[in-house]
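Everything on this sheet refers to the single structure shown next.
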Amino acid sequence: MAVKLNQSIVLALPVPATGQTFTWDASVSGFGVRTSCGGSQAYIVQSRLNGRSRRVTIGPVSTMTVEQARKLAKVELAAMVQGRDRNAERAEAKSRTITLSGALDLYVTGRQLKDSTIKQARYHIAKYFGDWLGRELGLVSPAMLVARFDKITCENGPTVAAGACRYFRVIYAHAAAHTARPDGTPTLRMNPAARLSALKRWHRPSRKQGVVRPGEFPAFMATVLEMQASGLVDHRVFGRYVEMLVRTGLRRGEAVGLTWKDIDFDAGTLRVPEPKNYKPHTLPLTARIVELLVAQRADSKGQHVFWQPGPKGSVPDPRKSWAHLRAEAGLDIGAHDLRRTFASLADALDLSGFTLAKLLNHSTASGAGSVTAGYVISDHERLRGPMARIGAEIDRLSRPPCIPTNRDPS
């Protein structure tokens with residue numbers, strides 16, 4: 001039912017328990033007040049445009065009188081009669097003014113991103129597109145991005161160029177979605193990064209293949225155990241951390257982020273609450289992993305298992321310990337090489353692909369077995385046997401080789 005709106009009626013409108021209510025004006029058809037459950041009120045105008053209903057927000061009730069809003073409503077209605085979509089005009093105006101800096105802020109605040117992802121996005125955009133931060137996003141042409149891609153490639157290498165431009169691509173796409181017209185059509189032109197795809201210019205990163213090979217395990221594990229027995233706390237902690245990586249297949253960040261509340265000694269499990277794929281990951285503990293954790297408990301000085309974060313969330317850089325391990329073991333390896341080693345051992349033991357995916361917490365959302373995988377509800381207890389077999393294989397490979405002695409046949 002429509003009423004002749006005035007200031008006292010508008011201010012007395014009840015606040016709905018949920019959703020929104022609309023109160024329409026009797027004197028100007030299509031003019032009204034929207035009241036939301038949170039208590040906010042706004043003047044609106046609604047009419048049909050090109051056969052479809054369109055609603056335009058005039059402004060908050062607190063910023064103008066009813067008469068002022070009624071006059072603006074007549075202007076908006078006249079624009080609709082002329083076929084003008086004011087919402088689309090505002091979206092296009094917004095798209096013309098959004099800068100790369102604004103699009104970056106929109107991306108990091110409008111998505112559920114990890115702190116590390118936000119940090120990397122800001123770093124790549126500031127370092128490689130810093131001179132574009134104040135530029136309107138719509139003024140970045142495909143040719144400009146291709147030229148910048150080539151520049152980064154020449155100065156910093158193909159991997160860096162691909163990573164930086166992928167951040168630009170996703171930030172641009174996010175901004176395009178948020179500046180689209182009411183019907184969903186974009187106001188920003190085609191994503192400039194699409195030109196890289198059309199020209200097939202994206203660099204194909206070479207997949208790293210580093211692992212600890214079977215013949216390298218004795219030297220590797222001897223060095224790790226030597227560090228665990230060191231008088232230096234840094235070496236002891238690092239030695240246990242490295243052995244944890246190769247015996248669990250955890251990612252570097254997952255292991256570094258472990259807290260003691262993630263370890264359940266009674267149940268014999270460890271839990272990674274926020275892994276890369278956002279799916280909490282639980283692994284059974286083998287006897288050797290329990291030994292490592294018990295020993296580490298004596299050296300731990302806080303709630304984190306290995307290193308305690310600093311005031312800004314950073315952890316100590318173990319690069320000196322990595323250098324010591326590489327020099328003593330004669331191996332050029334890193335944290336992710338140990339994850340690959342764990343996976344390679346599981347594969348060598350003929351563990352199924354489904355079991356390996358569960359051990360590594362890889363997504364089974366795509367691939368040949370994805371439909372079947374969707375029906376299988378796997379419990380972490382089923383991984384206890386595979387974890388024990390991988391641990392036993394590590395123990396076997398780590399034994400020093402037997403050196404035959406030459407005996408005098410006489």
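The values are calculated or read from the model by the stated rules, or taken from the named source; none is laboratory data. Fair warning: this is a prediction, and the values are worked out from it, not measured in the lab. Positions of Cβ are backbone-derived with ideal geometry, glycine not excepted, and every protein chain shown enters the neighbour counts.
Of the numbered criteria (1) assigned by TED's automatic domain parsing to the domain that holds Ile289; (2) surrounded by fewer than 21 Cβ atoms within 10 Å (Cβ to Cβ), the one Arg169 fails is (1). Considering (1) within 28 Å of the chain's Cα centre (by Cα); (2) farther than 22 Å from Val212 by Cα; (3) assigned to a helix (DSSP H, G or I), the lone condition that Thr355 does not fulfil carries the number (2).
If we scan region 72-88, do we find a residue that is polar (S, T, N, Q) and at pLDDT 85 or above? Looking through region 72-88, none of the residues is polar (S, T, N, Q) and at pLDDT 85 or above. Annotation note: Cβ proximity below 8 Å between a residue of region 42-54 that is assigned to a strand (DSSP E or B) and a residue that is hydroxyl-bearing (Ser, Thr, Tyr) and loosely packed, with under 10 Cβ neighbours inside 10 Å (sequence gap 6+ or interchain) occurs for Gln46/Ser53; Ser47/Ser53.
Output yes when any residue across region 301-309 is closer than 18 Å to Arg213 by Cβ and among the aliphatic types (A, V, I, L, M), and no when none is. The answer is no, given that none of the residues of region 301-309 is closer than 18 Å to Arg213 by Cβ and among the aliphatic types (A, V, I, L, M).
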